[in-house]
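This report refers to the structure that appears directly beneath it.
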Amino acid sequence: MTGHTWSHRHVISLEDFTPNDYQTILQTAASFREVLSRRTKKVPALQGQVITNLFFEPSTRTRSSFELAAKRLSADILNFSPGSSSLQKGETILDTAKTYLAMGANLMVIRHQQAGVPTIIAQEMDRIDSGVGILNAGDGLHAHPSQALLDLFTICSSLDGENPHISQLQGKKIAIVGDILHSRVARSNIWSLSACGAEVHLAAPPTLLPTHFLPAFDQPVRTEDSTMLKRRLYLHWQLEPALEQADFVMALRLQHERMSQHLLPSLREYHQQFGITRERLRLCKPTVRIMHPGPTNRGVELTSDVMDDPNLSLVAHQVTSGVATRMALLYLINGAK
Ligand code: NCD
């Protein structure tokens with residue numbers, strides 16, 4: 001499907017992804033998007049393979065999107081819900097994973113509220129030489145690689161619908177606004193966008209914009225010819241400098257469920273200072289596009305008129321892109337085993 005090589009047997013985070021890997025994802029996702037535009041939206045690429053969706057945390061779009069992606073590739077998909085499972089009887093997560101392995105699972109898509117769970121399962125699957133590939137669908141505050149990859153596909157497709165290419169990101173300014181502290185989406189997007197040459201600007205109130213995770217991003221990007229490039233990442237405790245001349249603005253949900261202390265005076269005050277409104281978007285490039293991984297708190301992170309304006313908002317495109325991007329991930333990981 002692409003001339004590129006793919007070496008990732010598991011996709012847990014994007015830390016070790018090269019520009020080449022990102023381009024392989026874009027190209028593969030673009031071919032699957034073409035499949036999805038046909039009358040028969042299905043290919044036999046993963047026929048006979050078993051994919052397990054192990055979601056230990058609530059999810060609407062990620063879980064359904066992986067399920068549809070697996071079905072479009074003709075795989076058999078098993079959906080696991082912790083509430084109605086043997087976890088209630090004391091079974092460990094590793095034993096749950098091994099149970100699915102015994103049924104013939106080839107790929108496991110895992111979401112868990114605790115960072116590190118997909119890594120532990122991947123290590124165990126490798127230790128017993130199972131050949132199973134693990135895909136992280138969001139672990140605690142750590143990583144959400146498939147979301148960042150679908151965001152990348154959405155951004156590059158909005159710049160060139162026919163031929164999305166990472167080179168289009170060179171010099172583009174991308175603002176990520178909101179609850180950075182609790183956002184695995186932001187962490188994964190920083191890895192991918194900075195590796196593809198974009199300038200990434202983070203904006204949030206100081207309580208939601210920690211600096212402790214930043215040294216990790218000092219790690220330079222290794223390009224195809226082995227040159228090392230510095231990532232361009234900037235922090236702002238005000239919204240305006242992040243929005244000035246921005247090409248894309250990504251708003252993040254305020255994650256109430258993960259807030260253990262009172263980190264914000266009130267939602268109203270947050271909206272007044274960091275809410276994305278039509279008025280504020282005048283600071284950006286006239287071609288600016290708005291994104292949000294969902295679920296959104298309308299009127300908090302962004303106003304409804306911005307979110308629902310098809311000339312501004314890429315939110316629905318993100319969801320659509322998710323299926324083709326996840327097909328690409330499942331297909332490539334399956335081929336790497
Ligand atoms: C995100 C997540 O679960 O990390 N949502 C998603 O996968 N689309 C972001 C969020 O919950 O706010």
Self-check item: Failed condition for Ser74, given (1) at pLDDT 95 or above; (2) under 19 Å from Pro118 (Cβ atoms); (3) of a type outside the set (D, E, K, R)
Solution: (2)
Quiz item: Of the conditions (1) surrounded by 22 or more Cβ atoms within 10 Å (Cβ to Cβ); (2) more than 16 Å from the ligand (Cβ to nearest atom); (3) part of a helix (DSSP H, G or I), Asp126 fails just one. Which one is it?
Solution: (1)
Quiz item: Just a yes or no: is a residue in the stretch 180-197 in contact with a strand residue (DSSP E or B) (Cβ under 7 Å, 6 or more places away or on another chain), within 16 Å of the ligand (Cβ to nearest atom) and not in a helix (DSSP H, G or I)?
Solution: yes
Exercise. Could you pull out the residue among Ser59, Ser64 that is farther than 16 Å from Asn136 by Cβ and either within 16 Å of the ligand (Cβ to nearest atom) or not hydrophobic (A, V, I, L, M, F, W, C) (or both)?
Key: Ser64
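Out of the residues in the stretch 144-177 that are in a loop (DSSP other than H, G, I, E, B) and among the charged types (D, E, K, R), which is surrounded by the fewest Cβ atoms within 10 Å (Cβ to Cβ)? Quick ask: steps written out before the conclusion?
If we filter the stretch 144-177 for residues that are in a loop (DSSP other than H, G, I, E, B), which is where we start, we get 144, 160-165, 170-172.
From the residues that got through so far, the ones that are among the charged types (D, E, K, R) too are 160, 162, 172.
Values: Asp160: 11, Glu162: 6, Lys172: 19.
Out of the qualifying residues, it is Glu162.
Might you let me know whether the stretch 281-293 holds any residue that is more than 16 Å from the ligand (Cβ to nearest atom), under 17 Å from Leu193 (Cβ atoms) and touching a Cys at 6+ places or on another chain (Cβ under 8 Å)? Reasoning before the result, please.
Our first condition is that a residue be more than 16 Å from the ligand (Cβ to nearest atom); within the stretch 281-293, this holds for 281-289.
This time we only want the ones that are under 17 Å from Leu193 (Cβ atoms), so: 284-285, 288-289.
Filter again for touching a Cys at 6+ places or on another chain (Cβ under 8 Å), leaving none.
No; the residues of the stretch 281-293 include none that is more than 16 Å from the ligand (Cβ to nearest atom), under 17 Å from Leu193 (Cβ atoms) and touching a Cys at 6+ places or on another chain (Cβ under 8 Å).
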Quiz item: Any idea how many residues of the stretch 202-219 are touching a Leu at 6+ places or on another chain (Cβ under 9 Å), modelled with pLDDT of 90 or more and surrounded by fewer than 22 Cβ atoms within 10 Å (Cβ to Cβ)?
Solution: 3
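Can you confirm whether Ala242 is crowded, with 19+ Cβ neighbours inside 10 Å, in a loop (DSSP other than H, G, I, E, B) and touching a strand residue (DSSP E or B) at 6+ places or on another chain (Cβ under 6 Å)? Even if it seems obvious, please write down each step before you answer.
Details: crowded, with 19+ Cβ neighbours inside 10 Å: yes; in a loop (DSSP other than H, G, I, E, B): no; touching a strand residue (DSSP E or B) at 6+ places or on another chain (Cβ under 6 Å): yes.
Considered against the rule, which asks whether it is crowded, with 19+ Cβ neighbours inside 10 Å, in a loop (DSSP other than H, G, I, E, B) and touching a strand residue (DSSP E or B) at 6+ places or on another chain (Cβ under 6 Å), Ala242 comes out as no.
Got a number for residues in the stretch 129-155 being closer than 17 Å to Lys98 by Cβ and either without any contact (Cβ under 8 Å) to a residue 24 or more places away in the chain or within 10 Å of the ligand (Cβ to nearest atom) (or both)? Break it down stepwise before answering.
Of the stretch 129-155, the ones closer than 17 Å to Lys98 by Cβ are 129-134.
In the following step, the residues that additionally are either without any contact (Cβ under 8 Å) to a residue 24 or more places away in the chain or within 10 Å of the ligand (Cβ to nearest atom) (or both) were identified as 129.
So the count comes out to 1.
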Exercise. May I ask you to list the residues in the stretch 213-228 that are under 16 Å from Gln170 (Cα atoms) and in contact with a helix residue (DSSP H, G or I) (Cβ under 8 Å, 6 or more places away or on another chain)?
Key: Val221, Thr223, Glu224
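I need a count of the residues in the stretch 272-293 that are outside any helix (DSSP H, G or I) and surrounded by 17 or more Cβ atoms within 10 Å (Cβ to Cβ).
Taking the stretch 272-293 first, the residues outside any helix (DSSP H, G or I) are 275-279, 284-293.
Remaining after also requiring surrounded by 17 or more Cβ atoms within 10 Å (Cβ to Cβ): 275-276, 284, 288-293.
Residues flagged as outside any helix (DSSP H, G or I) and surrounded by 17 or more Cβ atoms within 10 Å (Cβ to Cβ) within the stretch 272-293 amount to 9.
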Quiz item: How do the pairs read when you match residues in the stretch 238-253 that are on the phi > 0 side of the Ramachandran plot with residues anywhere that are away from the ligand (no atom under 16 Å from the Cβ) and part of a loop (DSSP other than H, G, I, E, B), using Cβ under 6 Å and keeping only pairs 6 or more apart or on different chains?
Solution: Gln245/Lys285
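Within the stretch 252-265, is even one residue among the hydrophobic types (A, V, I, L, M, F, W, C), surrounded by 14 or more Cβ atoms within 10 Å (Cβ to Cβ) and not in a loop (DSSP other than H, G, I, E, B)?
First pass over the stretch 252-265, keeping only residues among the hydrophobic types (A, V, I, L, M, F, W, C): 252, 254, 259, 263-264.
With surrounded by 14 or more Cβ atoms within 10 Å (Cβ to Cβ) added as a condition, the list becomes 252, 254, 259, 263-264.
With the extra rule that they be not in a loop (DSSP other than H, G, I, E, B), the set shrinks to none.
No: zero hits.
The values are calculated or read from the model by the stated rules, or taken from the named source; none is laboratory data. Since we're looking at a predicted model, the values are computed, not measured. All Cβ positions, even for glycine, are placed from backbone atoms using ideal geometry, and neighbour counts span all protein chains on display.
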